[in-house]
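The values are calculated or read from the model by the stated rules, or taken from the named source; none is laboratory data. For clarity, every value in this text was computed on a predicted model and none was experimentally measured. With ideal geometry, Cβ positions are generated from the backbone for all residues, glycine too; neighbour counts draw on all protein chains shown. These accessible areas exclude ligands, DNA and RNA; they are computed on the full protein's heavy atoms, side chains included. Shrake-Rupley method; radii C 1.70, N 1.55, O 1.52, S 1.80 Å.
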Amino acid sequence: GESYMAGEWDSDDLAGVLTVLAEHVDELVPAPLRRLRGLWVSRRPAADRNIRVGARVNIQRHYDLSNDLFSAFLDPTLSYSSAVFTAFPARFAALPEAQHRKIDRLLDLAQVGEGTRLLETGTGWGELALRAATRGAHVTTLTLSLIHI
């Protein structure tokens, strides 16, 4: 991944290349290194496994963190995925607008408007749900988080 990002190689079918690599990962990684992975996997605590109890703990550990923490490095929309900027270099001050541009583009492509019924999973802080609702959509959101915001 790093060599691709560094521009050391390119492909017209990146998904195809990655699929081939994933299908042959055991052949591409030398056997001694594959054995080392077993040491890591076998030491994982049982509570980290995504069984019913472990999944709840994992969710709390990864998602139920302080809003103050996320506010320290995210823009005011608290969106933590990519954004669509119109000018480069991208500036932090333009991030909220770029996040709204991304969300609006997705809602436009999905033709979300008056009367649309929208199910959003992985709600985050709800910026997409709020923007869809302002268009007249009926929005239902689901989150794994146990904290109510």
Enumeration of residues in the range 120-135 that are over 13 Å from the mean Cα position of the chain (by Cα) and open to solvent by less than 30 Å² (accessible area, probe 1.4 Å): 120, 126, 129, 132
Residue hits (the range 54-103; touching a residue at least 12 places away in the same chain (Cβ under 8 Å) and over 24 Å from residue 144 (Cα atoms)) are 84, 85, 86, 92, 95, 96, 98, 101
Of (1) modelled with pLDDT of 80 or more; (2) in contact with a helix residue (DSSP H, G or I) (Cβ under 7 Å, 6 or more places away or on another chain); (3) part of a helix (DSSP H, G or I), residue 16 fails just (2)
Restricting the range 28-57 to residues that are over 22 Å from the mean Cα position of the chain (by Cα) and in a loop (DSSP other than H, G, I, E, B), the one modelled with the lowest pLDDT turns out to be 44
Can you name the condition, by its number, that residue 88 falls short on among (1) out of contact with any Lys or Arg (no Cβ under 7 Å at 6 or more places or on another chain); (2) surrounded by 11 or more Cβ atoms within 10 Å (Cβ to Cβ)? (2)
I'm checking my understanding of the structure. Among residues of the range 101-119 that are surrounded by fewer than 15 Cβ atoms within 10 Å (Cβ to Cβ) and over 20 Å from residue 82 (Cβ atoms), which one is nearest to the chain's Cα centre (by Cα)? 119
Name the residues in the range 91-100 that are open to solvent by less than 60 Å² (accessible area, probe 1.4 Å) and farther than 17 Å from residue 124 by Cβ, would you? 94
Given (1) under 25 Å from residue 131 (Cβ atoms); (2) open to solvent by 80 Å² or more (accessible area, probe 1.4 Å); (3) part of a loop (DSSP other than H, G, I, E, B), number of the condition residue 68 does not satisfy: (3)
The range 108-132 residues that are within 18 Å of residue 142 (Cα to Cα) and of a type in the set (A, V, I, L, M), paired with ones that are open to solvent by 60 Å² or more (accessible area, probe 1.4 Å) and modelled with pLDDT under 90 (beta carbon under 8 Å, 6 or more apart): 119/142
